[in-house]
Amino acid sequence: MVSFARSERLALCDTAVSLGPAAPTLCEGWQVKDLLVHLLVRERRPWAAAGMFIPPLASVQRKAEAAYAAESLESLTARLRDPKGTLFAIDPIDRAVNTVEFFVHHEDLRRAQPGWSPRTLPAVAERTLWRNLKLAGRALVRSAATPVVISDGTESVTLRPGEEPVTITGPASELLLFCFGRHEVRGLVFDGPAEKITRLENASLGF
């Protein structure tokens, strides 16, 4: 059975090809090709990707990005489709590391386009994203200046404790995107003090 991480990897590549290299994304300053370059550096040259957080490696990161940026979109997507030769060819590692990464970035491509609409994901995919959100959610909302509770309609989880929390209810996929700082979401219901909801909606969420 193909994992959700694997299916989103392939779907992201298909979407990228259909949009073209210069189409916008939800990642500020990045077009489609820039996003693919980021994913390939992260996956195939992780020491270079660390330049985002470790200043001495910034030049290594820039060189790696320039090398991939010189390739065509078709070449980049062909590389990204097949993680052979990387740790991500090992299914449990791919699931653990890439399930959220590829889902969020696939939606970064889709939701930056006019007329986008949410996908109806299989129930198993929603459950997978919910499990991931429960693990990472506290870190994602650490900058929120208000207590936060999330609910998928059947289970509630406190991500940031405190009195009079904002409770966000909706599909796991939309909750995950919101907690990653994406505001192009649908089907979420916010309940709590109005000023706290406003504060949360304006917070810089995500990693």
- Note on the structure: Restricted to region 3-61 and to residues being modelled with pLDDT under 95 and of a type in the set (Lys, Arg), the residue farthest from residue 99 (Cα to Cα) is 45
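Against the condition hydrophobic (A, V, I, L, M, F, W, C) and surrounded by fewer than 19 Cβ atoms within 10 Å (Cβ to Cβ), how does residue 136 come out, does it pass?
Details: hydrophobic (A, V, I, L, M, F, W, C): yes; surrounded by fewer than 19 Cβ atoms within 10 Å (Cβ to Cβ): yes.
Yes; evaluated as a whole, the condition is true for this residue.
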- Just one of 120, 158 is over 29 Å from residue 29 (Cβ atoms) and in a strand (DSSP E or B); which is it? 158
- Is it the case that some residue within region 184-192 is surrounded by 17 or more Cβ atoms within 10 Å (Cβ to Cβ) and within 19 Å of the chain's Cα centre (by Cα)? yes
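Here is a yes/no grid of residues against (1) farther than 20 Å from residue 8 by Cβ; (2) not in a loop (DSSP other than H, G, I, E, B):
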| position | (1), (2) |
| --- | --- |
| 116 | no, no |
| 138 | yes, yes |
| 149 | yes, yes |
| 177 | no, yes |
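Select from region 1-29 the residues that are assigned to a loop (DSSP other than H, G, I, E, B) and touching a residue at least 40 places away in the same chain (Cβ under 8 Å) and list them in ascending order. Reasoning before the result, please.
Initial filter on region 1-29 (assigned to a loop (DSSP other than H, G, I, E, B)): 1-3, 20-23, 25-29.
Of everything in region 1-29, those that are assigned to a loop (DSSP other than H, G, I, E, B) and touching a residue at least 40 places away in the same chain (Cβ under 8 Å) turn out to be 3, 20, 21, 23, 25, 26, 27.
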- For residue 65, all conditions in the list (1) surrounded by 18 or more Cβ atoms within 10 Å (Cβ to Cβ); (2) at pLDDT 95 or above; (3) not hydroxyl-bearing (Ser, Thr, Tyr) hold save one; what is the number of the exception? (2)
- Message: Would you confirm whether or not region 146-165 contains a residue that is closer than 27 Å to residue 6 by Cβ, of a type in the set (A, V, I, L, M) and assigned by TED's automatic domain parsing to the domain that holds residue 194?
- Response: yes
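The values are calculated or read from the model by the stated rules, or taken from the named source; none is laboratory data. Because the structure is a prediction, the values reported are computed rather than measured. Glycine gets a Cβ as well: all are built from the backbone with ideal geometry, and neighbour counts include every protein chain shown.
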